[in-house]
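First comes the structure, then the notes that go with it.
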Amino acid sequence: MHSGRWPEQQRRGPDRPMKAEKSPNMLLWIAAVGFFMQTLDATIVNTALPAMAQSLGESPLRMQSVVIAYSLAMAMLIPASGWLADRFGTRRVFLSALILFTFGSLLCAYSPNLTFLAASRVVQGIGGAMLLPVGRLAVLRAFPREKFLHAMSLVTIPGLIGPLVGPTLGGWLVQFASWHWIFLINLPVGIIGCLATIAYMPDSRAPLAARFDIGGYLLLALSMITISLSLDSLSEFAMRGATVLILLIFGLLCLAAYWLRAARRPDPLFPLELFKIETFTVGVLGNLFARIGSGSMPFLIPLLLQLTLGYTPLEAGMMMIPVAIAGILIKRIGTPLIKRAGYRKVLILNTVLAGLTIASFALISPAQPSWLRLLQLAFFGAVNSLQFTAMNTLTLKDLEGAHASSGNGLLSMVMMLSMSLGVATAGALLATFSGLFGHDHANQSLPAFHASFVCMGFITAATAWIFWQLSPDIKTPEKPEKQEVETEIA
């Protein structure tokens, strides 16, 4: 975990000038394709869950583990990616990430049951976790500082397209081929990426990599796994009670142990001094809880449309396009709005608005006109995107020096963890309300979805209390454009 402020020769690595200067565009393409694969597979699965469930003989309401396994594996590996690249070199680690991601995709495509599929998604997630951070690090070391912002802007474009085309592509493949192809399409891309990495990516590394806090890393990883599993286990009636309680307590104990360990170590994985910075503390906690609601929506909406309203996988995927388009368009007014109104006002009001928007999906019914449903989805995409922009820039705006790298790494981990917690919470709520209302027919499962949306909306809106703690005079960063790019690719 480094800030990237290295002496020039160390930062670029001994063989950087020969390869990166000959083919800088190829390096950008490699990093961009890695980012695209990562973001695509985070969304392409959602519209395929009902088809997967039917093929594997499972209930669609039990398929959340397919999403959780991927995002949780990514959250676990992100903190270690920078150290691994420093220790073993960017080319070697990026190539290993591509191989793992591609091999995991192959395992997913030929999974005979849900347990095997979830385990295969873990392999895929381990590879995916290293694609963006290591690719970004390779670009940072290969390009001069004055060209880095422009280079990373080009790298992020495919990452923004991934969530846009993912649900629709997933639905199309399921409807006209089979769900297996949402993983098989990664194979040729992964193979080409491996060959390009060997040929064009410089193998830069840090000459003296800092010692990795393996004890702290294991405590954090165990905490994330057990807390996520405890929430996911609530969706299994047989797993309720003592097992859930033990997992939850063990996860909280690991988190407390990490906190105590970090307080007395000179080189913890994430230094506790970060939390002395008001904007970082509020931003990280706000990201963790506000993203629980928004992270559940790509899981809940395609299920709702297919299971209760009779949408085909392709139609359900296309319904998610307004979310992505509105999210991209709102970026133009996000920074000016924050500069005019301030972080505190924007985050308090927008968090409540985001929660109310999520809860409003409880009004969806077969009688609702399609145009109103599209408008509702677009509005959610807009407020959700504005929320991410404000939260991310707030979190990183006051970090400097050594804190910049570790703070960015912690934010990236929290973002993936909250996605896992969001899907796990949504799955648990669906299972609970389905037991209360029944789910044998579409008209019986619809109330369970409605109640789940209301609960997720309440969780999101309640997060406004965290942003209420911000000082009213918190200013916007002097160069918001740079912060914007860096946080969008975190």
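Quick note: the coordinates plus some simple rules give every number you see, no bench work behind them. Computed from a predicted structure; not experimentally measured. Quick reminder, even Gly has a Cβ in these numbers, built from the backbone with ideal geometry, and neighbours come from all protein chains shown.
Below are the figures for this structure:
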{"quantity": "Length gained when the stretch residue 198-residue 339 is fully extended (0.36 nm per residue, less Cα-Cα span)", "calculated": "46.3 nm"}
{"quantity": "Cα centroid separation, the range 362-415 to the range 255-324 (Å)", "calculated": "9"}
{"quantity": "Chymotrypsin sites (Phe, Trp or Tyr not before Pro) restricted to DSSP loop in the range 69-143 with at most 16 other C-beta within 10 Å", "calculated": "110"}
{"quantity": "Note, ³J(HN,Hα) from phi for the range 344-361, Karplus 6.51, -1.76, 1.60, rounded to Hz, x at Gly and Pro", "calculated": "4, 5, 4, 6, 5, 5, 6, 5, 5, 5, 4, x, 5, 5, 4, 5, 5, 5"}
{"quantity": "J(HN,Hα) series, the range 391-397, from Karplus relation 6.51 cos²θ - 1.76 cosθ + 1.60, nearest Hz, glycine and proline x", "calculated": "5, 5, 5, 4, 5, 9, 5"}
{"quantity": "Near-label residues of the range 83-116 by backbone N, under 15 Å of a point 7 Å along Cα→Cβ of residue 191", "calculated": "99, 102-107"}
{"quantity": "Of 147/345; 339/397; 345/397; 276/397, pairs whose Cα-Cα distance is over 23 Å", "calculated": "147/345"}
